[in-house]
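The block underneath contains the structure these notes are about, expressed in structure tokens.
The values are calculated or read from the model by the stated rules, or taken from the named source; none is laboratory data. Predicted, not measured: the structure shown is a model, and the values here were computed from it. Backbone-built Cβ (ideal geometry, glycine too); neighbour counts: all protein chains shown. Accessible surface areas use protein heavy atoms only, side chains included; no ligands, DNA or RNA. Shrake-Rupley method; radii C 1.70, N 1.55, O 1.52, S 1.80 Å.
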Amino acid sequence: ALRGVVALDGPSGTGKTTVARTLATRLNSGYLDTGSMYRIITLAVLRAGVDPADAVAVAALVDRVRIGVGTTPDRPSALLEGEDVGREIRLADVTAAVSAVSSVPRVREVLVAEQRRVIADVIADVGGIVVEGRDIGTVVAPDAELKVYLTASAEIRAARRSAQDSAAGREVTVAAARASVDRRDRLDSTRSTSPLRAAGDAVEVDTSDLSIDQVIVALSELASRRG
Ligand code: C5P
């Protein structure tokens, strides 16, 4: 079983979520999807009719909403004021607005504090947790036992994103997925507060030519050596 934190960062379409959940299941650990927390806040912003680009209004809202995330890898739940919003936070309007919302410093302050609290709880409970996001190794858990940064070529990431969308019943062309993935990466890696980047001590894994299974085998080995 895993002891401590595995930090899994990287842009979208690298297989991060599948890898993180499978790894957590195998290691009998908890799992935290920090992206879902930014998505829940974004959904609250959209529902309230707040402009995602209005940083002052977004910052005011984040202090008022109550969100919840599950930490079991088989069925991670996402709650907004107690309502299950797991499906809604994956829809295109949330995806399009999430980078603007996640760039607001107050949003990051509130969510990073909440993430650290959840991580401490799960560690106290089951001993280990796999945490996925963009700034886990750099900001949320800089003392993680293992830091992994997943990458993949833009073509591969767009293809995976569009396959994922169509599996979920949302038809998106590869070209549209490519545009959406590129845009989100650009916004996420150029924002001033904790931009997407690999921690200096992260192991970088290029998943372009690897199957999910190969990535999981490689990471399980790394985790068993470090954890
Ligand atoms: O991983 P996912 O695609 O669900 O993340 C959605 C968005 O949340 C990212 O594009 C990014 O803007 C934001 N995010 C973040 N920091 C994290 C995780 C996600 O800014 N640790």
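If you check every pair at least six apart or on different chains, which have Cβ atoms under 6 Å apart with a residue in the range 191-210 that is free of Cβ contacts under 8 Å to residues at least 60 places away in the same chain first and a residue that is surrounded by fewer than 17 Cβ atoms within 10 Å (Cβ to Cβ) and of a type in the set (Lys, Arg) second?
So the pair list comes out empty.
To keep it simple, each residue is scored yes or no on (1) closer than 26 Å to Leu111 by Cα; (2) surrounded by 13 or more Cβ atoms within 10 Å (Cβ to Cβ); (3) more than 20 Å from the chain's Cα centre (by Cα); (4) β-branched (Val, Ile, Thr).
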residue	(1), (2), (3), (4)
Leu187	yes, yes, no, no
Thr190	yes, no, no, yes
Asp209	no, no, yes, no
Ile216	no, yes, no, yes
Glu221	no, no, yes, no
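What number of residues within the range 74-107 satisfy the criterion of being modelled with pLDDT under 95 and in contact with a Leu (Cβ under 9 Å, 6 or more places away or on another chain)?
Matching residues across the range 74-107 total 2.
Within the range 108-156, can you find the residues that are under 15 Å from the mean Cα position of the chain (by Cα), of a type in the set (D, E, K, R) and either at pLDDT below 95 or farther than 13 Å from Gly15 by Cα (or both)? Reasoning before the result, please.
Of the residues in the range 108-156, the ones under 15 Å from the mean Cα position of the chain (by Cα) are 108, 111-112, 114-116, 118-119, 129-141, 147-151.
Right, trim to of a type in the set (D, E, K, R) and you get 108, 114, 116, 132, 134-135, 147.
The answer is Arg108, Glu114, Arg116, Arg134, Asp135, Lys147.
Hey, among the residues in the range 77-107 that are of a type outside the set (A, V, I, L, M, F, W, C) and over 13 Å from Ile40 (Cα atoms), which one's nearest to the ligand (Cβ to nearest atom)? Can you show your working first?
Taking the range 77-107 first, the residues of a type outside the set (A, V, I, L, M, F, W, C) are 77, 81-84, 86-88, 90, 93, 95, 99, 102-103, 105-106.
Now restrict to residues that are over 13 Å from Ile40 (Cα atoms): 103, 105-106.
Working: Ser103: 7, Pro105: 12, Arg106: 13 Å.
Within the range 77-107, the match that is nearest to the ligand (Cβ to nearest atom) is Ser103.
Restricting attention to the range 2-52, report how many residues are within 15 Å of the ligand (Cβ to nearest atom), among the β-branched types (Val, Ile, Thr), open to solvent by 10 Å² or more (accessible area, probe 1.4 Å) and in contact with a Pro (Cβ under 7 Å, 6 or more places away or on another chain).
Matching residues across the range 2-52 total 0.
With the structure loaded, tell me whether Asp121 is more than 12 Å from the ligand (Cβ to nearest atom), assigned to a helix (DSSP H, G or I) and within 25 Å of Ala55 (Cα to Cα) or whether it fails that test.
no
Could you list, in sequence order, all residues of the range 79-115 that are of a type in the set (Gly, Ala, Ser) and in contact with a strand residue (DSSP E or B) (Cβ under 6 Å, 6 or more places away or on another chain)? Quick ask: steps written out before the conclusion?
The first filter runs over the range 79-115 and keeps only residues of a type in the set (Gly, Ala, Ser), leaving 82, 86, 92, 96-97, 99-100, 102-103, 113.
Within the range 79-115, Gly86 is the sole residue that qualifies.
With the condition kept exactly as written, say whether any residue in the range 49-71 is in contact with a strand residue (DSSP E or B) (Cβ under 9 Å, 6 or more places away or on another chain) and either under 27 Å from Val172 (Cα atoms) or in contact (Cβ under 8 Å) with a residue 60 or more places away in the chain (or both).
Let us first name the residues in the range 49-71 that are in contact with a strand residue (DSSP E or B) (Cβ under 9 Å, 6 or more places away or on another chain), namely 65-71.
Applying the additional criterion that residues be either under 27 Å from Val172 (Cα atoms) or in contact (Cβ under 8 Å) with a residue 60 or more places away in the chain (or both) yields none.
Looking through the range 49-71, none of the residues is in contact with a strand residue (DSSP E or B) (Cβ under 9 Å, 6 or more places away or on another chain) and either under 27 Å from Val172 (Cα atoms) or in contact (Cβ under 8 Å) with a residue 60 or more places away in the chain (or both).
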